[in-house]
Amino acid sequence: MIIGLFNDWVVVVLMMIGLYIVIAHGNLIKKIVGLAIFQTSVFILYISMANVEGGSAPILAEGIKQFSNPLPHVLILTAIVVGVATTALGLALVVRIKEAYGSIEEEDIQHLDNKTQDETEIQATEGDQS
Amino acid sequence: MISHLPILQVIVPLMAAPICLLLKRSQLVWLFSLFASAIAFIISVLLLQQVMTSGVISYELGGWEAPWGIEYRIDKLNAFLLLIISAISTVVLIAAQTSIEKEIPKEKHTLFYILYLLSLTGMLGIVSTGDAFNVFVFLEISSLSAYALIALGQDRRALWASYQYLIMGTIGATFILIGIGLMYQMTGTLNMQDLSQRLPEVAQTRTVFTAFAFVIVGVCLKLALFPLHLWLPNAYAYAPSIVTAFFAATATKVAIYLLIRFTFTVFGLSFSFTTLPLQGLFLLLGLTGIFVASSAAIYQNNVKHVFAYSSIAQVGYIIVGLSTSTITGLTATLLHLFNHALMKSAIFLALGAVVYRLGNVQLSSFNGLGRQMPLTMAAIVIGGLSLIGVPLTVGFVSKWYLLTALLEKGWWPVAILILLGSLLAVIYVWRIVEAAYFKKPLADSVPVKEAPLFFLIPIWLLITANIYFGIDTRLSLQVASAAAQSLFGVSP
Amino acid sequence: MNFSIEVMLQLTIVIPLLTIVGIILANNRPNIREGITISASILLLFIVTSLYQSLLSGKNVNVFWWDIMPNLSISFSIEPLGMLFALIASFLWLITTFYAIGYMRSHQEENQTRFYSCFALAISAVMGIAFSDNLFTLFVFYEVLTLSTYPLVTHAGTEKAKQGGRVYLGILLSTSIAFFLLAIAGTWFITGTLDFKQGGIFNPDVDKAIAGALLVLFIFGIGKAAIMPFHRWLPAAMVAPTPVSALLHAVAVVKAGVFTILKVCVFIFGLDLLAILPTTQFLLYLAGASVLLASIVAMRQDNLKARLAYSTISQLGYITIGALLATSSGVIGSSMHIATHAFGKITLFFCAGAILVAAHKSKISEMRGLGRQMPLTMIAFFIGSLSIIGVPPTGGTWSKWFLLMGTIETEQWILMVVLMISSLLNIAYLLPIPFHAFFSNPLPEKHDASSSNHESVDLASNVDQSQVQIKEAPWPSLLAIGITTFGCLFLFIYPQPLFDLATAILASGQ
Amino acid sequence: MKDLFAVVMLLGIYSLLSASFFVAMDAVDVAFTEAAVGAGISTLLMLVVITMTGRSEKTTRHKPWLALLVVVFTGGVLIYGTFDMPYFGIADAPIHSHVAPRYINESMKEIGIPNIVTSVLASYRAFDTFGEVVVIFTAGIGVMALLSVGRRPEEDEKTTAINDSMHEEYLVIRIVTKMLIPFILLYALYVQFHGDFGPGGGFQAGVIFAAAIILYTMLFGLTTARKVINQSFIQFIAAAGVLLYGCVGIVSMLNGANFFDYNVLASDPVAGQHLGILLIEWGVGCTVASVMIMIFFNFAGRREMQQNNEKVNNIEGDSL
Amino acid sequence: MDIIINISGALFLLIGSFLCISGGVGLLRFPDFYTRMHAVGVTDTLGAGMILIGLMFYSPDFLTFSKLVIILLLTLLIGPTTSHVLAKAAMHNNLMPKLQQEDNIKETSSSNY
């Protein structure tokens, strides 16, 4: 039982590390790194699912009968590319946020947002009184 | 060509996007994307007729039969959704060129249209596909273009909102991916129809429970159901108005479609509502969502925030309708999908017109707008009334159906709570009406003219649709009840 | 124009809508605009009377517009109670338009176009309510009435108007959405149909508790009938100009409320089921309480319009009691009271408006000795208050008489006592006004009026100075007041058509 | 771990490790992609971003409790879910018995190429890959929408000056890369067309091709690289790739079969499959390569713009 | 005949892996960045080269043999370049070799880098 499911538990541990990083860390780049880890662990889940004991890579060659399942490989090819696309877009956003806010820490950004929020409210209340 | 309609529905906007990249000039690109969206709308109308007459259409991509290749299954449910999405996108596109002149720098207009078409393709793809993994791929297309579109907003907070949406969206999508993976592991197939046949045998295993839980949480993240809605208000408030108008009416609807498709078709009604306490959970979350979001909407200064929170509340109504899991309940849910799309796109387009003239949507700058922009404000008032559910508007029809569904279930207290919820809607709509009609404009504010024609045509098109479908509900009702019955396996 | 009855029935709703278009087109030419409104109201009155003739000759008719939802349709038909309400509304619309022309012109109110168009929209909603064939159509037009009267109530556009409008709409919308819609949905769910049917649509063995609960929901839901807990909107609507108050109190809004209560009690529950419901007794006492409390509060109001508002609340209590007594005389009494109260109250409001316009006085304490300057208005006020109190020369007597008979029939002694006391209270808060107007001199100026009401030495100086400007109200207002006063008297002398209509409610099968 | 540079390096190593892990699990195609795309491009992009946003993370107290709660709960649910999973590597698991056998047994007859992953990728589930190409295209457009800088002022003499100063400093690496780049490009084309027989295919080829160009850009400066491959040309290639992929489907539709049914592309079905797969692999290769280059150019362009602004500010600062 | 090939192949593999281990140990033990980089340099070029040559002995057919030769050439080309670039980058970030710093303290003469 333990050996059979060992792969899945490793996947779960990796997934949870990724999720922890995304939620706990304030730095935006670290969040994207966490996301990448989270996604890679899902890839490992799919591939460990596809593996067959004693089977070889899914390339037809004479003499080999047992192949690992090609379908998850296709799915993961797509998922890797999707992962990179998200990372690229995330990083572009980080660059723009750095330019706009001057920092890539969640606290600073939140702080700056709240400040602008209060300013607009003060203007609004002045508007009402006038 | 008629037999190829399902795939043409997705391919037309998809191929239009790279072509737009080649066209370069933004005026031409706008017309071309409007043309593409219009064709998508016509196709969806034809599809709906075809489905209503001849039942489910199945289209095997690549010629490979169902579980091996990818299959497009169009039944009444997703034909209805296709119609909503393509109709809203065509109408919103009409106002796009004038709106983004003031909100997006010149050289990014072409990119804006490409991203718009890609997100349209993503949504159409999600709704029409019959393959679980294909849903994930097209979900990513629509989400990625959504992140980029939201980040095009003027305000720097749009970047931060888009980043948060990216993180939450990717976690949601990965949850869905995990769910699909676990389902695939237990059944060996990815085709939804095939899954629904093979899942009952393995239904009692713990893996299928986890798969179901992950898929539902992933979809609820995209749906902005109450506890997972944190990304929605900022994303809708700071995005360009056209983007908000389009996404407010369609993005959550696609996620709700996914929820319905997974709970009813893939996992089967008995599994999803009896074995797991989903019914109670949805009811609880829906109701808390209504009250928390509506009361939050009352205290917002930015009008876009107000209607973003009201979108979350309306999603709460839909989820409560879903939790009844009866035919009338599902009909009420589908009706509210259709009606809410009409209401929200009209209101956000009107807000787009206000942003076009005033530059911001703070409640204080709304003072005295009733006289300066009478038609736009009238549209917002009628949209607000339809949100409240006043008779002769679409809101009333879906509220009435939700009430009868709840009474049929015997849930009297829930019915009362739903009505109290719509009273909260009265308060935040009237805050805006009072600001617009009773307060004098600020001393220093420059008087503004009425919104340009390109805004007024789509806004008033949607408002008349709002009223027309409130009176003649034949179309929306017939399709919604037929779809609900087909989901329950009852031949209509 | 001898169109078929069906066409005329639909015309009653369509004509006011057409007038809105006419009014908006003739925006900046007041005379044409007023002309359109008057001609439309005359036309409407003519059509409604011809419909009345056809009703008398026994022809009933059913018009079906369309189905909003399967077997939930917008459809109309004529039945005596609806006809009574439509007659009053169309007749009084004509009068109020006359009055409004005089009032608006002399008061130089701005954006009158919006006033007249909303007024016409309200009338078309009233016609819809009067002739609705099922509860669903009635609810649709009920909501349209609420929304169309909101711009009228907040006509002044001031901060106070906004506050009044907020209370007005808040209560009306919330009661209609939270209770009325729920009650309709409940009835629809239990009975499967919402069409009005003689003797009620609930089958006899329906669960009493649920039917009782539904009745409570209905009574509380119909906020327009201003039952005690949900009456706040009526005094709050006093910010509106007088023609609007006249419309609110006498012609449309309040009448629609009690009309709906009558319809629900007679045609949804049916009198025999109503009698045995557990909650009817509680609601009777509630209505009684609202009658008494409103009269007591009315006595202390110094502002004339506020006093009239609270008196309306108490009069509505009468009609609700009549409806809930679940006897034929009760129903007849309350339906007649609709008519008599309409004429009486509209006269009082017109006089209040005339005093406001001519003498710029709204406080009762200032109206002492006004009779000499404005004799006609004060006489009309006197006759109007007599009709409200229910004293012989005016129509009010009949309706109060039948209400009393109703209470006696059902041995509701407590309610009989309540009716008696409240009639006395009516006298207490209405008659002093004309009495002081004629038989006592005006008090010295406000600043020391509250300290002592005896005539101070320098009385003569300030009397002449305030006396000079007051003269009678403009002639259109006087014309309107004259007609309505004559109406009160006429109802007493020749109540027969009204009585036939009232008795026909219970007798005629649907 | 305050130094982001170390974090990114470790992520690169992690991707490489997972690539080798995939090889151990007989998923060669996936390993290739993971190594090329995961380790190569994403680490590269992160490094570029770090140069722009600063290397060190501010020491802030991050909120562990909420995160721990969520993580432990989801982890628990997942562990709960793994108990009924088929054990690792047993042959009779449901996924090996339902859909996969047809791919393994019939793909040689129906499509005729040894690499089953490519046959599934390109023919059985061609629409998935089409969606994937569109995802890449969207990412490219998204990054361009976010980071694209207006028309850069053409100052030739300044760039040549930089070029020369860089020249003597990076002499060694420039010479070596000059030797290597042709081989990398050749290898990319080999991977492109070898996809049918061994691991490889459009994605990996595109990425390797882009890696070569990016290497060139890093060393010889963005402006010279832009002279070699200008922006609009890349955009054209990106659009052309997606359109090529779509047109293959439309052609098969015009010939009467369903979308992406290659049997009708040529006289005999298997040849049609070959042609179809070749074409769409080519489409994928073009799109991926051009999009990766476009993304890198945008990032580098943004960085250059930031540096120019800093220089301009410094000059103003000094001159004040 | 093939016994000799096997033995020599095994021998090369052994040497190669020994070099890799020594490089790893060196990486841990050496005090300074540059010395550590030298250890990595060794494993990167020589160790990998040895293993590749060992593998050549085991290669079944000419195709894999030629592939291995190309890989060997490439590693010999890329290995030293990467170490060069690594060292240049370190110098660029003015990371002083350890020994150099101690001399400074003793002679207090500034290094003229």
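Across the stretch B:145-157, which residue is farthest from D:Val149 (Cα to Cα) among those that are crowded, with 24+ Cβ neighbours inside 10 Å and in contact (Cβ under 8 Å) with a residue 24 or more places away in the chain? Full working, then the answer.
Applying the first criterion (crowded, with 24+ Cβ neighbours inside 10 Å) to the stretch B:145-157 yields B:145-152.
Among the residues that remain, those that are also in contact (Cβ under 8 Å) with a residue 24 or more places away in the chain are: B:145-146, B:148-150, B:152.
On the way: B:Ser145: 19, B:Ala146: 21, B:Ala148: 16, B:Leu149: 17, B:Ile150: 19, B:Leu152: 14 Å.
Looking at residues that are crowded, with 24+ Cβ neighbours inside 10 Å and in contact (Cβ under 8 Å) with a residue 24 or more places away in the chain, I get B:Ala146.
Could you check the stretch B:425-437 and list, in sequence order, the residues that are within 18 Å of C:Thr146 (Cβ to Cβ) and either over 31 Å from the mean Cα position of the chain (by Cα) or hydrophobic (A, V, I, L, M, F, W, C) (or both)? Spell out how you get there, then give the answer.
Start the filter on the stretch B:425-437 by keeping residues that are within 18 Å of C:Thr146 (Cβ to Cβ), which leaves B:425-427, B:429-430, B:433-434, B:437.
Scanning the stretch B:425-437 gives B:Ala425, B:Val426, B:Ile427, B:Val429, B:Trp430, B:Val433.
For the structure I just gave you, tell me whether D:Tyr190 is in a helix (DSSP H, G or I), within 27 Å of D:Ser123 (Cα to Cα), without any contact (Cβ under 8 Å) to a residue 60 or more places away in the chain and aromatic (Phe, Trp, Tyr).
yes
Looking at the stretch C:22-43, can you tell me whether even one residue there is in a helix (DSSP H, G or I), closer than 22 Å to C:Leu145 by Cβ and touching a Lys or Arg at 6+ places or on another chain (Cβ under 7 Å)?
yes
Does the stretch C:189-196 contain any residue that is surrounded by fewer than 24 Cβ atoms within 10 Å (Cβ to Cβ), under 30 Å from C:Leu308 (Cβ atoms) and out of contact with any helix residue (DSSP H, G or I) (no Cβ under 6 Å at 6 or more places or on another chain)?
If we filter the stretch C:189-196 for residues that are surrounded by fewer than 24 Cβ atoms within 10 Å (Cβ to Cβ), which is where we start, we get C:189-196.
Right, trim to under 30 Å from C:Leu308 (Cβ atoms) and you get none.
Taking every residue of the stretch C:189-196 in turn, none turns out to be surrounded by fewer than 24 Cβ atoms within 10 Å (Cβ to Cβ), under 30 Å from C:Leu308 (Cβ atoms) and out of contact with any helix residue (DSSP H, G or I) (no Cβ under 6 Å at 6 or more places or on another chain).
Residues are listed down the side, and each one gets a yes or a no for (1) closer than 30 Å to D:His96 by Cβ; (2) in contact with a helix residue (DSSP H, G or I) (Cβ under 6 Å, 6 or more places away or on another chain); (3) modelled with pLDDT of 85 or more:
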residue	(1), (2), (3)
A:Leu71	yes, yes, yes
A:Ile76	yes, yes, yes
A:Ala88	no, yes, yes
A:Ala92	no, yes, yes
A:Val95	no, yes, yes
A:Tyr101	no, yes, yes
A:Thr116	no, no, no
A:Gln123	no, no, no
A:Ser130	no, no, no
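Within the stretch B:112-124, does at least one residue satisfy the condition of being in a loop (DSSP other than H, G, I, E, B) and at negative phi? Can you show your working first?
Step one: of the stretch B:112-124, the residues in a loop (DSSP other than H, G, I, E, B) are none.
Taking every residue of the stretch B:112-124 in turn, none turns out to be in a loop (DSSP other than H, G, I, E, B) and at negative phi.
Within the stretch D:1-16, does at least one residue satisfy the condition of being under 30 Å from A:Tyr101 (Cβ atoms), more than 28 Å from the chain's Cα centre (by Cα), aromatic (Phe, Trp, Tyr) and outside the structural domain of D:Ala212 (by TED's automatic domain parsing)?
No - not one qualifying residue is present in the stretch D:1-16.
Is there a residue being more than 24 Å from D:Ile184 (Cα to Cα) and of a type outside the set (Asp, Glu) anywhere in the stretch E:61-80? I'd like the intermediate steps shown before the answer.
Step one: list which residues in the stretch E:61-80 are more than 24 Å from D:Ile184 (Cα to Cα), which gives E:61.
Right, trim to of a type outside the set (Asp, Glu) and you get none.
Among the residues of the stretch E:61-80, not one is more than 24 Å from D:Ile184 (Cα to Cα) and of a type outside the set (Asp, Glu), which makes the answer no.
I'd like to know if the stretch D:56-67 contains one or more residues that are facing another protein chain (nearest Cβ under 8 Å), in contact (Cβ under 8 Å) with a residue 12 or more places away in the chain and not in a helix (DSSP H, G or I). If you could, list the steps in order and put the result at the bottom.
Restricting attention to the stretch D:56-67, the residues satisfying the condition of being facing another protein chain (nearest Cβ under 8 Å) are D:57-58, D:60, D:62-64, D:66-67.
Adding the requirement that they be in contact (Cβ under 8 Å) with a residue 12 or more places away in the chain leaves D:57.
Checking the rest, the ones that are also not in a helix (DSSP H, G or I) come to D:57.
Yes.
Before we move on, is B:Arg198 touching a His at 6+ places or on another chain (Cβ under 9 Å) and either within 24 Å of B:Leu487 (Cα to Cα) or within 11 Å of chain D (Cβ to nearest Cβ) (or both)?
Details: touching a His at 6+ places or on another chain (Cβ under 9 Å): yes; either within 24 Å of B:Leu487 (Cα to Cα) or within 11 Å of chain D (Cβ to nearest Cβ) (or both): yes.
Against the criterion (touching a His at 6+ places or on another chain (Cβ under 9 Å) and either within 24 Å of B:Leu487 (Cα to Cα) or within 11 Å of chain D (Cβ to nearest Cβ) (or both)), B:Arg198 qualifies.
With respect to the numbered conditions (1) part of a helix (DSSP H, G or I); (2) more than 30 Å from A:Leu91 (Cβ to Cβ); (3) more than 10 Å from every other protein chain (Cβ to nearest Cβ), which one is the sole condition not fulfilled by D:Gly249?
(3)
Would you list the helices (runs of 4 or more DSSP H) that sit entirely within the stretch B:175-240 and hold 3 or more residues that are surrounded by 24 or more Cβ atoms within 10 Å (Cβ to Cβ)? Give the steps one after another, and end with the answer.
Numbers: elements: B:192-202, B:206-223, B:231-238.
Hits in the stretch B:175-240: B:206-223, B:231-238.
Which one of the conditions (1) touching a helix residue (DSSP H, G or I) at 6+ places or on another chain (Cβ under 6 Å); (2) buried (at least 24 other Cβ atoms within 10 Å of the Cβ); (3) over 23 Å from B:Gly172 (Cα atoms) does D:Ile141 fail to meet, given that it meets all the rest?
(3)
May I ask you to list the residues in the stretch D:85-119 that are basic (Lys, Arg) and over 29 Å from B:Thr207 (Cα atoms)?
Residues of the stretch D:85-119 that are basic (Lys, Arg), as a first pass: D:102, D:109.
Listed by number, the list holds a single entry, D:Lys109.
Somewhere in the stretch A:53-62, is a residue buried (at least 22 other Cβ atoms within 10 Å of the Cβ) and more than 30 Å from A:Glu99 (Cβ to Cβ)? Spell out how you get there, then give the answer.
Going through the stretch A:53-62, the residues buried (at least 22 other Cβ atoms within 10 Å of the Cβ) turn out to be A:57-58.
Filter again for more than 30 Å from A:Glu99 (Cβ to Cβ), leaving A:57-58.
Yes; the residues of the stretch A:53-62 include at least one that is buried (at least 22 other Cβ atoms within 10 Å of the Cβ) and more than 30 Å from A:Glu99 (Cβ to Cβ).
Right, B:Val135: in contact with a strand residue (DSSP E or B) (Cβ under 9 Å, 6 or more places away or on another chain) and either within 23 Å of D:Phe127 (Cβ to Cβ) or not aromatic (Phe, Trp, Tyr) (or both) or not? So that I can check it myself, show each step before the final result.
Numbers: in contact with a strand residue (DSSP E or B) (Cβ under 9 Å, 6 or more places away or on another chain): yes; either within 23 Å of D:Phe127 (Cβ to Cβ) or not aromatic (Phe, Trp, Tyr) (or both): yes.
Taking the combined requirement at face value, the residue satisfies it.
So which of B:Val433, B:Val429, B:Val414 is in contact (Cβ under 8 Å) with a residue 40 or more places away in the chain, among the β-branched types (Val, Ile, Thr), assigned to a helix (DSSP H, G or I) and within 10 Å of another protein chain (Cβ to nearest Cβ)?
Values: B:Val429 fails: within 10 Å of another protein chain (Cβ to nearest Cβ); B:Val414 fails: within 10 Å of another protein chain (Cβ to nearest Cβ).
Criteria check complete, one pass: B:Val433.
Residues being among the hydroxyl-bearing types (Ser, Thr, Tyr) and at the interface with chain A (Cβ under 7 Å from one of its Cβ atoms): count how many of those fall in the stretch D:16-55.
Just the residues of the stretch D:16-55 that are among the hydroxyl-bearing types (Ser, Thr, Tyr), to begin with: D:18, D:20, D:33, D:42-43, D:51, D:53.
Now restrict to residues that are at the interface with chain A (Cβ under 7 Å from one of its Cβ atoms): D:18, D:33, D:42, D:53.
Qualifying residue count, the stretch D:16-55: 4.
Restricting to the stretch D:99-118, name every residue that is more than 8 Å from every other protein chain (Cβ to nearest Cβ) and among the small types (Gly, Ala, Ser).
Once the filter is applied, which keeps residues that are more than 8 Å from every other protein chain (Cβ to nearest Cβ) and among the small types (Gly, Ala, Ser), the stretch D:99-118 yields only D:Gly112.
Within the stretch D:215-223, is even one residue within 14 Å of chain B (Cβ to nearest Cβ), in contact (Cβ under 8 Å) with a residue 24 or more places away in the chain and out of contact with any His (no Cβ under 6 Å at 6 or more places or on another chain)?
no
Quickly run through the stretch B:78-108 and pick out the residues that are at the interface with chain D (Cβ under 10 Å from one of its Cβ atoms) and of a type outside the set (D, E, K, R).
At the first step, the residues of the stretch B:78-108 found to be at the interface with chain D (Cβ under 10 Å from one of its Cβ atoms) are B:104-108.
Listed by number, the residues that qualify are B:Ile104, B:Pro105.
Has the stretch D:290-310 got any residue that is at pLDDT below 90 and over 30 Å from the mean Cα position of the chain (by Cα)?
The answer is yes; a qualifying residue exists.
Among A:Ile3, A:Ile29, A:Ile23, which is the only one that is part of a helix (DSSP H, G or I) and more than 7 Å from every other protein chain (Cβ to nearest Cβ)? Write out each step before concluding.
Numbers: A:Ile29 fails: more than 7 Å from every other protein chain (Cβ to nearest Cβ); A:Ile23 fails: more than 7 Å from every other protein chain (Cβ to nearest Cβ).
Among A:Ile3, A:Ile29, A:Ile23, only A:Ile3 is part of a helix (DSSP H, G or I) and more than 7 Å from every other protein chain (Cβ to nearest Cβ).
Taking the stretch C:337-356 only, how many residues are more than 11 Å from C:Gly384 (Cα to Cα), touching a Gly at 6+ places or on another chain (Cβ under 8 Å) and of a type in the set (A, V, I, L, M)? Walk me through it before giving the result.
Step one: of the stretch C:337-356, the residues more than 11 Å from C:Gly384 (Cα to Cα) are C:337-339, C:352-356.
Subset that is touching a Gly at 6+ places or on another chain (Cβ under 8 Å): C:337, C:339.
Cutting the leftovers down to of a type in the set (A, V, I, L, M) gives us C:339.
Of the residues in that region, 1 qualify.
Of the residues A:Ser41, A:Ser68, which single one is more than 7 Å from chain D (Cβ to nearest Cβ) and of a type in the set (Ser, Thr, Tyr)? Before the answer, list the steps.
Values: A:Ser68 fails: more than 7 Å from chain D (Cβ to nearest Cβ).
The conditions single out A:Ser41.
Which of the residues belonging to the stretch B:101-119 are farther than 15 Å from B:Ile19 by Cα and buried (at least 24 other Cβ atoms within 10 Å of the Cβ)?
Start the filter on the stretch B:101-119 by keeping residues that are farther than 15 Å from B:Ile19 by Cα, which leaves B:101-108, B:119.
Result: B:Ser119, single match.
Here's a check for you: in the stretch D:252-274, which residue that is out of contact with any strand residue (DSSP E or B) (no Cβ under 7 Å at 6 or more places or on another chain), in a loop (DSSP other than H, G, I, E, B) and within 7 Å of another protein chain (Cβ to nearest Cβ) is surrounded by the most Cβ atoms within 10 Å (Cβ to Cβ)?
Kept after step one, since they are out of contact with any strand residue (DSSP E or B) (no Cβ under 7 Å at 6 or more places or on another chain), are these residues of the stretch D:252-274: D:252-257, D:259-274.
Subset that is in a loop (DSSP other than H, G, I, E, B): D:255-257, D:259-261, D:265-268.
So of that shortlist, the ones also within 7 Å of another protein chain (Cβ to nearest Cβ) come out as D:257, D:259-261.
Numbers: D:Ala257: 18, D:Phe259: 26, D:Phe260: 30, D:Asp261: 25.
Residue satisfying both the conditions and the ranking: D:Phe260.
The values are calculated or read from the model by the stated rules, or taken from the named source; none is laboratory data. Here the structure is a predicted model, which is why all the values come from computation and not from measurement. Backbone-built Cβ (ideal geometry, glycine too); neighbour counts: all protein chains shown.
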